[in-house]
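Accompanying notes for the structure given below.
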Amino acid sequence: MSSLTQLQLELAAFLRKRTLLENDRAATAWAEAALTGSSSLSPVQQLEIYREQFWLRHTSSLLEDFPGLSGILGQRAWERLVEGYLERDPPEHFSLRDLGARLPAYVADQSWLEQPSLCHDMALLEWATIECFDAPDTEPLDAAELQQIPPEAWTRAACVLNPALRLLQVDYPVAELRRALKRCRLEGGTVSYPDKKPQNLVVYRRQRELDVASVSNGAWDLLECFAAGIPLLEAVEGVVTRGHVTESELGAWLTALLRDFAANGWVARVELR
Amino acid sequence: MSPRRVRGSTSRLRVPLLGVGVGLRVPHYAHILRERPRVDFFEIISENFMVDGGKPLYHLDCVLEGYPVIQHGVSLNIGGPDPIDREYLTRLKALVRRVKPAWLSDHFCWSGAGGAHLHDLLPLPYCDEAVARLVERAHMVQDFLEVRFALENTSSYMSYTQSSMTEWQFVSEVVERADIGLMFDVNNVFVSSYNHGFDPLEFVRSVPHERILQIHLAGHTNLGTHIIDTHRGHVHDAVWALYRETLRLAAVPISTLIEWDDEIPEFEVLMAEVERAKREQALALGSPAGAGPELDPSTPELSAGAALGARGWQQGGPRETAAGD
């Protein structure tokens with residue numbers, strides 16, 4: 001290993017330490033050997049400037065991206081969570097946008113959290129929101145195009161979902177809670193933890209605007225089939241088999257549902273396979 | 001103004017002279033798209049637009065309809081021990097194809113090691129090994145992106161015992177050997193000169209002026225023991241003096257950018273800074289050769305101390321995130 005590479009690997013490890021380097025003998029000794037210091041800063045004080053920025057930059061980026069989760073936790077628990085996260089899962093991607101990609105999984109592992117399921121649901125919602133925010137653009141499918149598919153082609157037709165759409169099943173009404181927390185941050189006041197209320201959520205972007213919708217079990221089932229690439233007819237048969245709708249209701253139910261999906265821009269196109 | 005119109009060109013590097021521009025930042029999007037202000041060009045932070053779709057690319061396309069845009073990066077990690085990230089370069093090239101910038105820049109720095117990304121502009125030791133690493137990679141980046149590439153001198157808060165040359169010797173050697181441009185940040189020269197106790201004029205006088213394809217100007221925050229490159233507030237007088245001296249030595253106008261990334265003010269405030277840069281440019285290029293700059297590097301400045309917010313220095317201003325949805 002070259003001396004330059006070794007220097008950088010050692011320095012990077014110090015910058016990721018959670019505690020002040022000035023109280024760290026190893027850091028002080030390293031800095032005195034590797035850094036010159038200045039007339040007003042010792043070598044370890046120079047190193048500390050960069051260490052502090054590592055934590056400030058990344059924790060503030062996560063705070064910006066997870067306003068709901070940080071709102072549930074409050075200052076002290078939020079700091080404990082994100083510092084632990086950055087220590088276990090250091091940033092690897094060049095973009096700060098991806099910094100929170102593994103936060104939902106990390107939250108799921110934290111047994112010390114007061115409301116672990118609520119926190120996990122919120123983390124999932126907020127990461128899905130980030131993913132939808134800058135996912136590829138697509139023109140939504142026109143409902144009329146769906147009607148033009150000849151009946152004999154339905155066995156081969158598969159609905160492709162908008163790439164700026166994510167499906168989530170949550171135990172708590174986190175979308176409402178997130179809105180309330182953001183309102184509270186602007187206007188003051190308090191927000192109570194909500195009771196359990198399982199929901200099927202569709203997080204999506206239509207044109208450039210983000211939204212979250214709660215859908216029925218039948219609609220969810222159908223959307224999951226679309227996401228898995230299952231052809232329309234097979235997906236619909238599955239929905240009937242699983243008891244979400246009866247055969248006699250199916251026609252009207254499906255027509256209304258597909259019209260809603262198209263109106264929300266959830267289906268990007270129909271592919272004949 | 002007509003789109004993509006440029007005036008003249010800078011010698012040697014054969015890049016167009018774009019005038020005086022500003023950094024494109026999220027708080028100004030609505031104003032820019034509504035008012036279409038008379039700005040010579042915008043500079044974007046590449047990483048904020050290396051995405052697949054949504055608002056960032058929509059806003060970028062709207063700006064591209066009316067203005068020349070150049071790209072400035074903060075995450076290339078050209079001096080890091082890890083190989084350059086291929087995904088990064090591929091995404092950057094896709095953005096280059098969309099933007100068609102006259103040039104593209106990043107920094108003389110490293111940003112990560114051992115697979116971890118630190119998202120900072122960490123200074124390199126000024127040594128032969130670092131020169132060799134940067135020269136080889138700068139060549140490769142410029143060839144791959146097929147656009148004129150430049151590196152910017154950074155502000156720094158630490159210096160290494162491994163360094164065997166000055167920062168200006170390091171910068172000069174890399175740009176000459178790699179045959180790339182120099183993105184010359186005169187505010188960074190001032191900040192580093194204060195932090196490391198060197199003469200900023202020696203830096204300004206020693207770099208290859210014919211390779212400067214753009215100049216950055218910004219505000220900074222003096223904490224007493226050191227200065228932080230916050231990109232907050234107006235350009236300081238001492239930095240304007242370095243700007244004039246740089247132009248006087250180059251003896252040609254150079255595309256210049258006003259950066260303002262923290263406590264971002266109304267757009268008109270930036271435009272006033274743009275107008276000042278134009279006046280300073282005229283003053284510098286109209287002044288008789290040999291006239292020295294009015295510079296006192298020890299000029300006391302307002303100490304912001306505790307007023308420096310938790311975010312400290314930033315690169316590129318706020319991201320356009322989903323948080324405000």
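The values are calculated or read from the model by the stated rules, or taken from the named source; none is laboratory data. No experiment lies behind these values; they were computed from the predicted model shown. No Cβ is skipped: glycine too gets one built from the backbone with ideal geometry, and neighbour counts run over all protein chains shown. Please note that ligands, DNA and RNA were not included when accessible areas were found on the heavy atoms of the full protein model with its side chains. Shrake-Rupley method; radii C 1.70, N 1.55, O 1.52, S 1.80 Å.
Among the residues of the stretch A:185-203, those identified as of a type outside the set (A, V, I, L, M) and in contact with a helix residue (DSSP H, G or I) (Cβ under 6 Å, 6 or more places away or on another chain) are A:Pro194, A:Asn200. Out of the stretch A:13-36, which residues are under 33 Å from the mean Cα position of the chain (by Cα) and free of Cβ contacts under 8 Å to residues at least 12 places away in the same chain? Correct list: A:Ala13, A:Thr19. Considering each of A:Glu10, A:Glu48, A:Glu87 in turn, give the residue that is assigned to a helix (DSSP H, G or I), open to solvent by 10 Å² or more (accessible area, probe 1.4 Å) and touching a residue at least 40 places away in the same chain (Cβ under 8 Å). The conditions single out A:Glu87.
Restricting attention to the stretch B:8-61, the residues being over 16 Å from the mean Cα position of the chain (by Cα) and acidic (Asp, Glu) number 4.
Scanning for something free of Cβ contacts under 8 Å to residues at least 24 places away in the same chain, open to solvent by 10 Å² or more (accessible area, probe 1.4 Å), within 14 Å of chain B (Cβ to nearest Cβ) and assigned to a helix (DSSP H, G or I), does the stretch A:126-145 turn up at least one residue? Working first, answer last.
First, pick out the residues of the stretch A:126-145 that are free of Cβ contacts under 8 Å to residues at least 24 places away in the same chain: A:144.
Imposing the further condition that a residue be open to solvent by 10 Å² or more (accessible area, probe 1.4 Å) reduces the set to A:144.
After this cut, where a residue has to be within 14 Å of chain B (Cβ to nearest Cβ) as well, the list is none.
Among the residues of the stretch A:126-145, not one is free of Cβ contacts under 8 Å to residues at least 24 places away in the same chain, open to solvent by 10 Å² or more (accessible area, probe 1.4 Å), within 14 Å of chain B (Cβ to nearest Cβ) and assigned to a helix (DSSP H, G or I), which makes the answer no.
Among all residues of the stretch B:123-142, there is none that is more than 8 Å from chain A (Cβ to nearest Cβ) and touching a His at 6+ places or on another chain (Cβ under 9 Å). Among the residues of this structure, A:Asn217 does not count as one that is touching a Lys or Arg at 6+ places or on another chain (Cβ under 9 Å), among the polar types (S, T, N, Q) and within 14 Å of chain B (Cβ to nearest Cβ). Checked against (1) open to solvent by 50 Å² or more (accessible area, probe 1.4 Å); (2) touching a residue at least 60 places away in the same chain (Cβ under 8 Å); (3) more than 29 Å from A:Leu21 (Cβ to Cβ), A:Pro116 passes all but condition (2). Filtered by the rule that a residue be modelled with pLDDT under 80 and in contact with a helix residue (DSSP H, G or I) (Cβ under 6 Å, 6 or more places away or on another chain), the stretch A:137-176 gives A:Ala143, A:Leu146, A:Trp154. Note on the stretch B:58-96: among residues that are hydrophobic (A, V, I, L, M, F, W, C), touching a residue at least 60 places away in the same chain (Cβ under 8 Å) and within 14 Å of chain A (Cβ to nearest Cβ), the one that is farthest from A:Asp98 (Cα to Cα) is B:Ile78. On inspection, A:Ala219 fails the criterion of being farther than 14 Å from A:Leu125 by Cα, crowded, with 16+ Cβ neighbours inside 10 Å and touching a Pro at 6+ places or on another chain (Cβ under 7 Å). Taking the stretch A:58-70 as the range and being facing chain B (nearest Cβ under 7 Å) and either open to solvent by 50 Å² or more (accessible area, probe 1.4 Å) or without any contact (Cβ under 8 Å) to a residue 12 or more places away in the chain (or both) as the test, the residues that pass are A:Ser60, A:Glu64. Out of B:Leu242, B:Leu213, B:Leu257, one residue alone is farther than 27 Å from B:His31 by Cα, outside any helix (DSSP H, G or I), touching a residue at least 40 places away in the same chain (Cβ under 8 Å) and not aromatic (Phe, Trp, Tyr). It is B:Leu213.
Scanning the stretch B:179-197 for residues that are surrounded by 21 or more Cβ atoms within 10 Å (Cβ to Cβ) and either closer than 16 Å to B:Val141 by Cβ or touching a Phe, Trp or Tyr at 6+ places or on another chain (Cβ under 8 Å) (or both) yields B:Ile180, B:Gly181, B:Leu182, B:Met183, B:Val186, B:Val189, B:Ser192, B:Ser193, B:Asn195.
Evaluated against (1) touching a strand residue (DSSP E or B) at 6+ places or on another chain (Cβ under 9 Å); (2) surrounded by fewer than 24 Cβ atoms within 10 Å (Cβ to Cβ), B:His220 falls short on exactly one condition, (2). Across the stretch A:90-113, the number of residues qualifying as within 12 Å of another protein chain (Cβ to nearest Cβ), open to solvent by 30 Å² or more (accessible area, probe 1.4 Å) and within 16 Å of the chain's Cα centre (by Cα) comes to 4.
Name the strands (runs of 3 or more DSSP E) wholly within the stretch B:115-208 that hold at least 1 residues that are small (Gly, Ala, Ser) and under 22 Å from B:Leu104 (Cβ atoms)?
Numbers: elements: B:116-122, B:149-152, B:181-185.
Those strands (runs of 3 or more DSSP E) span B:149-152, B:181-185.
For the stretch B:97-145, filtered to residues that are free of Cβ contacts under 8 Å to residues at least 12 places away in the same chain and among the aliphatic types (A, V, I, L, M), the residue that is surrounded by the fewest Cβ atoms within 10 Å (Cβ to Cβ) is B:Ala132.
What residue, among those in the stretch A:224-251 that are in contact with a helix residue (DSSP H, G or I) (Cβ under 8 Å, 6 or more places away or on another chain) and within 14 Å of A:Arg166 (Cα to Cα), is nearest to the other protein chains (Cβ to nearest Cβ)? Step by step, filter the stretch A:224-251, then rank; the result is A:Phe226.
Taken over the stretch B:148-166, residues that are open to solvent by 40 Å² or more (accessible area, probe 1.4 Å) and in contact with a Leu (Cβ under 8 Å, 6 or more places away or on another chain) amount to 3.
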